[in-house]
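Every number in this text was worked out from the coordinates using simple rules, so none of it is lab data. Note that the structure is a prediction, hence the values are computed from the model and not measured. We place every Cβ from the backbone using ideal geometry, glycine too, and count neighbours over all the protein chains shown.
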Amino acid sequence: MSAVNDTKLKSVIFLLTGLLSHGDTHLWISIPFCFMYIISIIGNSVILFTVKTDPSLHEPMYIFLSMLAVTDLGISITTIPTILGIYLFNSREISLNACLAQLFFIHLLQYIESSVLLLMAFDRFIAIHNPLRYTSILTLPRIAKMGLVAVLRAMVLILPLPFLLKRFQYCRANVLSHSYCLFQEVMKMACSDFTINSIYGLFTKLFQLGLDSLLIFLSYVMILKTVLRIASHKESLRALNTCVSHLCALLLFYTPEISLSVIHRFGKSSYPLLQILLGYIALLLPPLMNPIVYSVKSKHLRVRIIRVFNR
């Protein structure tokens, strides 16, 4: 009996969905996706290389930015095979094991990115509230420990997800609404009762993204209190200006992610196109825009990047 179940598990195939079902248009749709992936990988790689090779950028702010670039690179690399596979080769099929592996890395990297954004909010608070002790508080060993805790917390929360999904039997038309695998979608394809999985998925969202967003909000409340105490209007604006890049990164990450979670839980199948578009925005826009935003807003980083290219 177990051999029969194993055979059924191994033969489970999911069908991924693209924007359009017409094969003639897939090649044209693949062009902007290829462009976004190239810009994302080059942009994040340039930031990593510049921070690594320039000693003047070995500061907490740029180290946290490097962590963000690593997670963005990971998300891009994780989603490239299935998204471009659909539009370039019309390859929609994905096995259960490959699907579980992809959703594991997607959710893991998203949760790590959420933690990194929280650490960056803490970094901005320390830089504005106590600038004289900024580098003594955020030392390299302390930053390394914070990064390790962020990875371990995400790993502990996400590791059970593939095992929870693998114990199910899948007997429906396993057509996913995205071009990649997500926990909520794969779970709904199961024939069994997935109440426990749904509760655990909600718990992980609240414990990771919910808690992180609350702590980020509190950090910015403290930042505003500190800024309002500054007598000089010019200095206040200068202090707030250092947070603009981080605020953009927060909006790019949390807005589509929260919207997609709400639609998956409460929207049922009412908005298939909106689900697909929000899914692409949530996974492709932050890796694309974060390097651009930080390079444009940070003059010091921009000058160093130009200097690297001039060499």
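Quick one: how many lysine pairs does segment 2-310 have with C-alpha atoms less than 14 Å apart and a gap of 8 or more or different chains? Give me the count, please.
Final tally of qualifying lysine pairs is 4.
Normalising by the residue count of segment 29-102, find the relative contact order in percent from Cα pairs under 8 Å and 6+ residues apart.
Computed over segment 29-102, the figure is 35 percent.
Please compute the contact order of segment 2-310 in relative form: average sequence separation of alpha-carbon pairs under 8 Å and at least six residues apart, divided by the residue count, as a percent.
On the way: 329 pairs, mean separation 82.8, N = 309.
Computed value for segment 2-310: 27 percent relative contact order.
Beyond 22 Å, what percent of the Cα pairs of segment 57-193 remain? Don't skip to the end; give the middle numbers.
Numbers: 4632 of 9316 pairs.
Looking at segment 57-193, the distances longer than 22 Å represent 50 percent of pairs.
Tell me the angle of helix 195-205 to the major Cα principal axis of the chain, expressed in degrees between 0 and 90 and rounded to the nearest ten.
Roughly 20 degrees, rounded to the nearest 10.
Mind ordering 147-159, 35-47 by average Cβ neighbours within 10 Å, highest first? Don't skip to the answer; put the middle values down first.
On the way: 147-159: 15.8, 35-47: 17.9.
Peptide ranking by packing, descending: 35-47, 147-159.
Please list the non-local residues whose amide H lies under 5 Å from the amide H of SER91, H modeled 1.01 Å from N, same-chain partners needing a gap of 5 or more.
ILE86
For the chain, what does -39500 (n - 2.57) per DSSP helix run (n ≥ 4), summed and divided by total residues, give at 222 nm, in deg cm²/dmol to the nearest 500?
-26000 deg cm²/dmol
Regarding the chain, what whole-number volume in Å³ per residue does the convex hull of its Cα atoms give?
Output value, Cα hull per residue: 155 Å³.
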